[in-house]
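Visitor: One structure, as C-alpha cells, below. Some questions next.
The values are calculated or read from the model by the stated rules, or taken from the named source; none is laboratory data. Since the model is a prediction, treat every value here as computed from it, not as a measurement. Reconstructed Cβ throughout: ideal geometry from the backbone, glycine too, with neighbour counts over all protein chains shown. The accessibility values were calculated without ligands, DNA or RNA, using every heavy atom of the protein model including side chains. Shrake-Rupley method; radii C 1.70, N 1.55, O 1.52, S 1.80 Å.
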Amino acid sequence: MNGYSRRLFLRLGGAAVASGLIPTTRGSAGPADFALLRRRWRDVTAGAGFDATAEPYRTRLLRLGSTAAGYRDTMAPTGTSLWPGLAFPSFVQTPVRLQTMARAYALPGTGLTGDASLAAAVATGLDHYRRQVYAAGTRPVGNWWLWQIGTPKRLLDVALLIGPHLTDPQSRALSEAVDHFVPEWRLDDYSGNSTGANRVDLCTVMLLRAILRSDADKAALAVSALAPVFPYVTEGDGLYRDGSFIQHTFIPYQGGYGMVMLSGLATLFAVLRGTPWELTAPNLFDMVDRSFAPFVHDGFCMDLVSGRGVGRDPYGDHRRGRLIASAILLLGDAAPVAARTRWQGMVKGWAVRDTVQPMLEEADLGFHARLTAILDDETIPAAPEPAGHRLLPMSARAVHRGPGWCAGLSMASYRIGHYEHGNGENLRGWHTGSGMLYWWAKGHGDQYSDSFWATVDPYRLPGTTVSTKRLADGAGAAWGDTCPPGRWVGGATDGRYATVGQHLNGLQSTMEAFKSWFFLDDAVVCLGAGITGRDGVPVETIVDNRRTGALLTLDQKAGWAHLAGHGGYVFHGLLRTLRENRAADSVNRSYVTLWLDHGIDPDAAGYFYLLLPGATPAQTRARATDPTWLRVLANTARQQGVQVPSLGLTAVNFWNAGAAGNLTASAPCAVLVKEYGDGTATLTVSDPRRDLSELTVTWDRPVTRVLRGHPLLVSATTGARLTLRWGRLSDRGGSSKTITVRLG
C-alpha cells in the first residue's frame, strides 16, 4: 500500500470511527480470517441455507449443473474467443459462463459439485480470458465500468469459487490485472465515477482482490474507503436526510444505482461479519425505511427512481423490487432486532401481494431460502402497505398511499433533471420530469411493467403538461443534465396529506406552467395555472394514459369519466379522449388517453381535475355533482390552493407572497392546515425554493395557544387569528415543519 493510500485509510477510518460508521480493523488478520471471508462470499453470493435435495432447489441445481457441463464441453479457447460465437471482449457473456461453471462446482446438488476437472476447465478459461482481454497493461477502450467494476468483479468471484484450482501464477496474474485497472489511488478521491453505488462496487472489487491474495492492507483499504458513502449529503451524489438518493448528480436513483449500493452493502455486511473488518453503519438501517421502502409497492420498485433503466426489461420494476427485498432481508441479519422484525413483515407483505411476478418464483437460491423461511413462519405477519404520504423535496419526488391505492409523482427542478439518457437508453424519456403521475389501484401491479415504456406515447405521459413540439431522441445533455431553471418544486406534508407543486419549464421548450397536486384519502386534486408557450404547437395536460382496453364512460356535460376496473376522473372543460393500439419491439398494447388541450401557444391557461383511483362510476358521478366537497381557493400563477371541509383540510402553494382563502404568506412557500375533531389543528409549512431567511404565515382562524412548536418557529401570536413567524428555512432541504395548536 502506498503512502497516500495509508493516509487515506487513516483519515477515512478515523472519521468513520468518530461518527460511528465504520470501525477500524481489530487486531491482525491471519489465514483463518481470509478462509472465513472466502466461505462467506460463496455462501452469501452463490447461495446457502437450503436443502439441495428438496424442491425447487433440486431441480434448479441440476439445471445449473447441466448448463455448466454444456459450457465446459463446448469451451474452445482461441485468440479471439473462449466459446465459438462469443468474440472477445465479450465482457458480459464470457465471464457469466465462467461464473455458471464455478457455481456448479461450488454448490451442492449440481452433479458437478467439487468436480476437479470442471474447476480446472474454469481456471483454464479464466486465465485465457485474462491473457487475451483483461491483461495488465491493456489500454481500456469503451465503458469504464466494464473494466473497473463489471469484469473484475465477475472474474474475482470465479477465482474465489474455484479456490486452489487456480494456480498461484494464475492468481497472481489476475491480481496484477485488477491492480492495473483498479489501482489503489482509484479510491483516493470521492468524486466523479467513485461515489455512491460505484464506490461500493469499487470497494467490493478491492476486497475480492484482497481475499484472493490474502492481502490485509488491501482489505483494510477496501473497507475504510466505504466511509464517504454513509454520511448524509446536501448536494450531489449520495443519501439525503429526507430519504432521497441521487446518482449522476441529477437523478433520483433508488431503483438503479441505489439498489446496487444497497445490495452491495448488504453483501459486504454479511461477508465481513465476525472478521477484523466488520462493518457497522446505523444510518444505513434508517436508509431502508426512508429511502427504499417508500418506493416499493406490492413488490415492485417504482420507475420514478430508476433513471435511464426504466425500459431495460419488460418487468424491470418487479426485478428491481425483488433485488431490493433480497438486500433488505440479507441486511436484516446485521440490523437491530426491531428493524429486522419490521423488515421481515414488510418483505413478506410485498411477496404475498406481488401476483404479477411472484417474488418467490423469481428469487435466486439464497433469497429463496430466506424468503421461504419468512413466508412459512406464522409468527411473522405480512405487513400491509403503509397509508400516508412521503415527500422527498431534494429529489423532487413524492409517494402517496391511500386505502387500496398508491401514487408516485416525478418532477424536475433546477437541481433534478427532466430525465436521464445514456448508453443508448431512455432516449424518449423527455417528459418524465414534467409532473408524471403514476398510480396503481388494486390489481394494477403491471400497469407500467408490461412493455409500457416501449409502446406509450412519450409526449403523453400521465399527469404531465407538455409542449407537443417534436424532440430529437436523446434531446438534452446525457446522464441527467437536463435541469430546468424552476426552483419552486416540493411542498408540505403532515405525513398523511400533502400539497405538492412544481414550477415547470419544458425541456427545450418555451412552455411554462405552475402545477399543484393535493393528495387526499381517496383522491388527488390536480391544478394547473399560468400555462404559456411560444413553440407554435399545442400544449396539453395529460389527465391519464392507461395501458388498458377497459371500457371508458364519459359524461362531458356533468364533467366526469370512468375507466372500468381502474378509477374515475372529475374535470372542468372539454376532456379529449383517444383509444389506440401502439406497437413496438414486436409487441402491441392498448391505451386509453385522456387529456386537456390548451391550444397553440396558450397564454395563462389552466386546468382542474380530480383523480379518483379505484372509484366506481357511482362514486365518480357523486363527486362530480357535489359542489360542497371541494372549494378551489386559488388557481393562478401566484397561488394555488384548495379547501376540503369534510377533512378539515386547507392547503395552498404560494408561488408568490399573498393570500388564498384564510391563509396569508409573506413569501413563496407551501402551507397545509388540518383541523381535527378534538379542537386541535396542525399547520405545516415548507420552503420549496430553499432560500427563505424568514417567513410569516397568518391563518385567519381563532387559536388559543400553541400546543407543540418547532425550533424554527420564532414567534406565534394567537387570538382572533394565528400569526407564525419562522426563522431561517433555506438550509432545511425543503422539508416540512409542523406545529400543533388549540382552536378557539
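Visitor: Please state, as a whole number in µm²/s, the translational diffusion coefficient that the Stokes-Einstein equation yields for the range 406-487 at 37 °C and 0.692 mPa s, with Rh defined as the Kirkwood radius across alpha carbon pairs. Walk me through the numbers before you get to the answer.
Guide: Numbers: Rh = 13.4 Å.
The estimated diffusion coefficient comes to 244 µm²/s.
Visitor: Can you grab the distance from the C-alpha centre of the range 364-411 to the C-alpha centre of the range 247-275, Å, no decimals?
Guide: 18
Visitor: Show log10 I(q)/I(0) for the range 36-76 at q = 0.13, 0.18, 0.32 Å⁻¹, two decimals, from a solvent-free Debye sum over equal Cα scatterers.
Guide: -0.39, -0.67, -0.95
Visitor: Roughly what % of Cα-Cα distances in the range 337-457 sit above 18 Å, to the whole percent? Intermediate results must be reported in sequence, preceding the final value.
Guide: On the way: 4726 of 7260 pairs.
Counting pairs separated by more than 18 Å, the tail of P(r) holds 65 percent.
Visitor: I need the fraction of alpha carbon pairs in the range 538-610 separated by more than 18 Å, rounded to a whole percent. The partial results should precede the final answer.
Guide: Details: 1136 of 2628 pairs.
When all Cα pairs of the range 538-610 are counted, 43 percent exceed 18 Å.
Visitor: Relative contact order for the range 584-716 using alpha-carbon pairs under 8 Å, separation at least 6, rounded to a whole percent?
Guide: Working: 159 pairs, mean separation 16.9, N = 133.
Relative contact order here is 13 percent.
Visitor: Expressed in nm², what is the orientationally averaged projection area of the convex hull enclosing the Cα positions of the range 244-305?
Guide: On the way: hull surface 19.2 nm².
If you wrap the Cα atoms of the range 244-305 in a convex hull and average its projections, you get 4.8 nm².
Visitor: For residue 67 and residue 707, calculate 0.36 nm times their separation in residues minus their Cα-Cα distance, and state this gained length in nm to one decimal.
Guide: Values: separation 640, 0.36 × 640 = 230.40 nm, distance 6.75 nm.
Fully extending the segment from residue 67 to residue 707 adds 223.6 nm.
Visitor: May I pose another question? Could you tell me what a quarter of the Cα convex hull surface of the range 450-534 works out to, in nm² with one decimal place? Can you show the working numbers first?
Guide: On the way: hull surface 29.8 nm².
If I average the Cα hull's projected area over directions, I get 7.5 nm².
Visitor: Can I ask one more? Can you work out D for the range 154-281 in µm² s⁻¹ from Stokes-Einstein, where Rh is the Kirkwood radius over C-alpha pairs, the temperature is 20 °C and the viscosity is 1.002 mPa s?
Guide: Details: Rh = 15.4 Å.
Calculated translational D: 139 µm²/s.
Visitor: Given a cut-off of under 8 Å on Cα pairs at least six residues apart, what relative contact order in percent is computed for the range 642-744?
Guide: On the way: 255 pairs, mean separation 27.5, N = 103.
Relative contact order here is 27 percent.
Visitor: Treating only the Cα positions of the chain as identical point scatterers, give the base-10 log of I(q)/I(0) from the Debye formula at each q in 0.05, 0.10, 0.11 Å⁻¹.
Guide: -0.28, -1.04, -1.21
Visitor: Helix 116-132 against the longest principal axis of the chain: what's the angle in degrees, Cα atoms only, rounded to the nearest 10?
Guide: Orientation of helix 116-132: about 70 degrees from the principal axis.
Visitor: Then there's this: Using square roots of five times the C-alpha gyration tensor eigenvalues, list the equivalent-ellipsoid semi-axes of the range 226-382 in whole Å, biggest first. Present the calculation step by step, with values, prior to reporting the outcome.
Guide: Values: eigenvalues 107, 85, 34 Å².
Three semi-axes, in Å: 23, 21, 13.
Visitor: In whole Å, what are the Cα extents of the range 43-116 along the three principal axes, biggest one first?
Guide: Reported extents, whole Å, longest axis first: 42, 23, 21.
Visitor: Please work out how much accessible surface residue 215 shows to a 1.4 Å probe, ignoring ligands, DNA and RNA, in Å² rounded to 10.
Guide: We get 40 Å² for residue 215.
Visitor: Further question on the same structure: Where the centroid of each part is defined by its Cα atoms, how far is the range 597-614 from the range 718-740 in Å?
Guide: Cα centroid to Cα centroid, the span is 32 Å.
Visitor: Taking R0 as 25 Å, what's the FRET efficiency between residue 191 and residue 730 from their Cβ-Cβ distance, rounded to 0.05? Mind showing how you got there, number by number?
Guide: On the way: r = 25 Å, r/R0 = 1.02.
E between residue 191 and residue 730, to the nearest 0.05, is 0.45.
Visitor: May I pose another question? Ignoring ligands, DNA and RNA, what percent of the 1.4 Å accessible area of the range 582-655 is carbon and sulfur?
Guide: Details: 1540 of 3160 Å².
Accessible surface attributable to carbon and sulfur in the range 582-655 totals 49 percent.
Visitor: Shifting gears a bit: Kindly provide the helix-only [θ] at 222 nm of the chain, computed as the sum of -39,500 (n - 2.57) over DSSP H runs of four or more divided by all residues, to the nearest 500 deg cm²/dmol?
Guide: On the way: 17 runs with 212 residues, N = 744.
Counting only the DSSP helices, I get -9000 deg cm²/dmol.
Visitor: For the range 497-570, what % of the accessible area comes from carbon and sulfur atoms, probe 1.4 Å?
Guide: The C+S portion of the solvent-accessible surface of the range 497-570 is 54 percent.
Visitor: Do any trypsin sites (Lys or Arg not before Pro) in the range 440-492 lie in a DSSP loop with no more than 10 other beta carbon atoms within 10 Å, and if so, which?
Guide: Numbers: sites: 442, 460, 469, 470, 487; in loops: 442, 460, 469, 470, 487.
Within the range 440-492, the qualifying trypsin sites (Lys or Arg not before Pro) (loop, at most 10 other Cβ atoms within 10 Å) are 470.
Visitor: Loop by DSSP (not H, G, I, E, B), at most 11 other beta-carbon atoms within 10 Å: where is the longest site-free stretch of the chain for GluC sites (Glu not before Pro)?
Guide: Values: sites that count: 235, 378.
That would be 379-744.
Visitor: For the range 486-565, just say rounded, prolate or oblate: build the C-alpha gyration tensor, square-root its eigenvalues into a ≥ b ≥ c, call rounded for a/c under 1.5, and beyond that prolate if a/b exceeds b/c, oblate if not.
Guide: On the way: a/c = 2.27, a/b = 1.18, b/c = 1.93.
Here the range 486-565 falls in the oblate category.
Visitor: Follow-up. Reachable lysines from residue 674, Cα under 26 Å, same-chain residues fewer than 8 places away excluded?
Guide: 515, 737
Visitor: Contact order normalised by length for the chain, with contacts defined as Cα pairs under 8 Å and 6 or more residues apart; what percent is it?
Guide: Once divided by the residue count of the chain, the mean separation gives 8 percent.
Visitor: Another question, then. What percentage of the solvent-accessible surface of the range 59-151, computed with a 1.4 Å probe over protein heavy atoms, is contributed by carbon and sulfur atoms? Walk me through the intermediate numbers first.
Guide: Numbers: 2210 of 3970 Å².
In the range 59-151, the share of accessible area belonging to carbon and sulfur is 56 percent.
Visitor: Tilt of helix 31-41 relative to the longest C-alpha principal axis of the chain, in degrees (0 to 90, nearest 10)?
Guide: 50
Visitor: For the range 694-744, run through the trypsin sites (Lys or Arg not before Pro) and keep only the ones in DSSP coil with at most 16 other Cβ atoms within 10 Å of their Cβ. It would help to have the intermediate numbers written out before the result.
Guide: Values: sites: 705, 708, 721, 725, 728, 732, 737, 742; in loops: 721, 728, 732.
Here the sparse-neighbourhood loop sites are 721, 728.
Visitor: Now for a different question. Please give the helix 365-375 orientation as an angle from the longest Cα principal axis of the chain, in degrees from 0 to 90, rounded to the nearest 10.
Guide: 50
Visitor: Could you give the length gained by full extension between residue 680 and residue 289, i.e. 0.36 nm per residue of separation minus their alpha carbon distance, to one decimal place? Intermediate results must be reported in sequence, preceding the final value.
Guide: Values: separation 391, 0.36 × 391 = 140.76 nm, distance 2.94 nm.
Difference between extended and current length: 137.8 nm.
Visitor: Rolling a 1.4 angstrom probe over the protein heavy atoms, how many square angstrom per residue are accessible across the chain? Intermediate values should be presented prior to the final figure.
Guide: On the way: 27060 Å² over 744 residues.
Each residue of the chain exposes 36 Å² on average to a 1.4 Å probe.
Visitor: Please sort by residue number the trypsin sites (Lys or Arg not before Pro) in the range 153-205 whose DSSP state is loop and whose Cβ has at most 12 other Cβ atoms within 10 Å.
Guide: Here no trypsin sites (Lys or Arg not before Pro) fit, given the DSSP loop and packing criteria.
Visitor: Over the heavy atoms of residue 547, what accessible area does a 1.4 Å probe trace out, to the nearest 10 Å²?
Guide: The value for residue 547 is about 30 Å².
Visitor: For the range 457-472, list residues with backbone N below 18 Å from a point placed 7 Å from the Cα of residue 577 toward its Cβ?
Guide: Those under the cut-off are 462-463.
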